[in-house]
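Only one structure is covered here, and it is reproduced in the block below.
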Amino acid sequence: MIIRWICEKCNKKWIYPVEKCVYCKGTITKQKGTKIKVSGITKVAIPSPMHPITPYNILLLEDEFGNRMPKKTMKDYKIGDAYSQPNAKTKDAVAVVKVKYDIYEAIKEAVGLLNGIKFSPDDKILIKPSIVTAAYPYQAVNTNPDFLDALLKVLFEYGIGKGNIIVAEQALIGSDVMDAASKSGILEVCKKHSVKFEDISKGPFEEIESDGFMFSLSKEALKRKIVNVPIMKTNFQIGISGALENLSRLADEETQRQMYFKGIDKTLPQMAKLLPGIVTIADATNGMQAQGPLVLGEPAFLNLVFAGLNAAALDTVFCESTILPIPLHVTNSLGKINIKNIEIVGNDLEALKYPIKQPTPNETPHPDIKVIDGKACPACLNMMYSLTSKLVGLRGDELNLVIGSMLSEDMLKGRERLVVLGDCASKKIDEMGIASVVRIDERLDAVEQLVLLKKLLDTKGMPKITPVDKVKSKMKKLLSRVIR
């Protein structure tokens, strides 16, 4: 489909959305061309950073109104050939659509290409965006508010009433989802459309067993049709935060902690089995690269929409298109599905491929504080990011923060100035028989934790926390409350 925005009065035409004609202030309407043919072809044999795989073809497409648009493809065409995008034939297919100025049209096209997605006016919908921490939309940490706004308009077109839709999420453990939703712009979109926003962490929850693990899942999610709306990001812990990872916050806090303690690569696929029939419409309009999934990452500007009924297949196609390694939690969720046999509609995978920056495993917001991550739970991850970011600007001797339960002796071998942060890592360190390490308890007040970490960063040689340090940290906590 080729879209143009046309003034009804003076017939001026734009390739991007405009609200009013800048010449005569006339009303703008969309002109959608659906009868597409190939009117020109250029074959490219020289690779470039944005287009590393060659040869490929650039088609000049033309619709019935004479509007033209370029299209990259690996397939061969002849001038005059009809151009069309066939719908998916399999239920595990993934639709990938380029956003051409209009997110609404891209979402609508992606949903229309899939086989098996059906919405009716009677559906009770729970939209599950990704809102993990307070960050502005341009930081690409949370689902973009423009993406949610466009998705709601698509659902309304199916006749689903505003009262039948809720947007629900919980932030990383230790963060407030209402603050995060407000700063991200999601709350404003919900208010604009009179759609209710709910904090999943407040429950109620229902316990369900899967392969020997007990999950406590949101009752609201279990009784509604879930539309999963993650923002596609790199994740230094588990490879990517995508369709599967976004489902983890449908569980209560204790379940999330246990999922990481028992091994997220195993427990997340177990959880996904309990939530069949989820429709994923993923936001990769910006997306994140490098040191995701929080504010240390960088916007990737992918300009894509991914959609599908199989979250693992969607995550796989995302990894393939961005040339990222496919994480273990994704391959474990694929089951018997062969990666090479996943049906992709909307765009050629080879034509999409573009390498984004991969995360490194030991970076924190502070240049002198490194992390040894044993797949820490969201609570410990959030705590680590919060503490290290608040000390930026204060230099010291390098510290190694140890977090998470999936630790091994090889991970700690040769590392000096170790500081164990959180209960998961502390229990694992005890199991390994390592006693001579400094520990910061996750149950301490955030001010106390910060004071202790600051002291350790300032300390030369072997870091240690004395009883005097603990007293000073408590005094700082009391003083901070008095000042407030």
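The values are calculated or read from the model by the stated rules, or taken from the named source; none is laboratory data. Given the structure is predicted, the values throughout are model-derived calculations rather than measurements. All Cβ positions, glycine included, derive from the backbone under ideal geometry; neighbour counts span all protein chains shown.
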**Report entry** Unmet requirement for Ser386, which otherwise passes all of (1) surrounded by 19 or more Cβ atoms within 10 Å (Cβ to Cβ); (2) closer than 11 Å to Leu453 by Cβ
**Finding:** (1)
Report task. Please go through segment 416-436 and pick out each residue that is within 20 Å of Thr466 (Cβ to Cβ), among the small types (Gly, Ala, Ser) and modelled with pLDDT of 90 or more. Result -> Ser426
Report task. Could you tell me whether segment 458-467 includes any residue that is in a helix (DSSP H, G or I), over 30 Å from Lys262 (Cα atoms) and modelled with pLDDT of 90 or more? Result -> yes
Report task. Give the residue that is modelled with the lowest pLDDT, with candidates limited to residues of segment 14-47 that are under 26 Å from Ile79 (Cα atoms) and surrounded by fewer than 12 Cβ atoms within 10 Å (Cβ to Cβ). Result -> Thr34
Report summary line: Checked pairs for segment 101-121, first hydroxyl-bearing (Ser, Thr, Tyr), second part of a helix (DSSP H, G or I), C-beta under 9 Å and 6 or more apart or across chains, list as Tyr104/Asp149; Tyr104/Ala150; Tyr104/Leu151; Tyr104/Lys153; Tyr104/Val154
Requested in this report: Using the structure shown, decide if Met475 is at pLDDT below 95, out of contact with any helix residue (DSSP H, G or I) (no Cβ under 7 Å at 6 or more places or on another chain) and assigned to a loop (DSSP other than H, G, I, E, B).
Outcome: no
Report task. Looking at (1) under 30 Å from Val167 (Cβ atoms); (2) part of a loop (DSSP other than H, G, I, E, B), find the lone condition where Ala106 falls short. Result -> (2)
Query - Members of segment 52-67 that are surrounded by fewer than 16 Cβ atoms within 10 Å (Cβ to Cβ) and touching a residue at least 12 places away in the same chain (Cβ under 8 Å) - result: Pro52, Ile53, Pro55, Ile58, Leu60, Glu64, Phe65
Report task. Take the residues in segment 100-132 that are of a type in the set (Val, Ile, Thr) and modelled with pLDDT of 95 or more, then tell me which one is surrounded by the most Cβ atoms within 10 Å (Cβ to Cβ). Result -> Ile131
Query raised in the report: From the set of residues in segment 183-222 that are closer than 25 Å to Leu152 by Cβ and without any contact (Cβ under 8 Å) to a residue 12 or more places away in the chain, which is surrounded by the most Cβ atoms within 10 Å (Cβ to Cβ)?
Result: Leu187
Report task. Tally the residues that are more than 23 Å from Arg257 (Cα to Cα), surrounded by fewer than 18 Cβ atoms within 10 Å (Cβ to Cβ) and not small (Gly, Ala, Ser), restricting the search to segment 399-433. Result -> 4
Query raised in the report: Can you find a residue in segment 169-178 that is in contact with a Phe, Trp or Tyr (Cβ under 9 Å, 6 or more places away or on another chain), assigned to a loop (DSSP other than H, G, I, E, B) and more than 24 Å from Leu268 (Cβ to Cβ)?
Result: no
Report task. Could you grab me the full set of residues in segment 462-476 that are surrounded by 18 or more Cβ atoms within 10 Å (Cβ to Cβ) and closer than 16 Å to Leu401 by Cβ? Result -> Pro463
Query raised in the report: Which one of these is touching a Phe, Trp or Tyr at 6+ places or on another chain (Cβ under 9 Å) and either under 30 Å from Lys9 (Cα atoms) or assigned to a loop (DSSP other than H, G, I, E, B) (or both): Ile41, Ile28?
Result: Ile28
Query raised in the report: In segment 317-335, is there at least one residue being among the aromatic types (Phe, Trp, Tyr) and surrounded by fewer than 23 Cβ atoms within 10 Å (Cβ to Cβ)?
Result: no
Query raised in the report: Does segment 149-161 include one or more residues that are at pLDDT 95 or above, under 27 Å from Ala376 (Cα atoms) and out of contact with any Pro (no Cβ under 6 Å at 6 or more places or on another chain)?
Result: no
Query - segment 425-461 - residue that is touching a residue at least 12 places away in the same chain (Cβ under 8 Å) and among the hydroxyl-bearing types (Ser, Thr, Tyr) and, of those, farthest from Ser405 (Cα to Cα) - result: Thr459
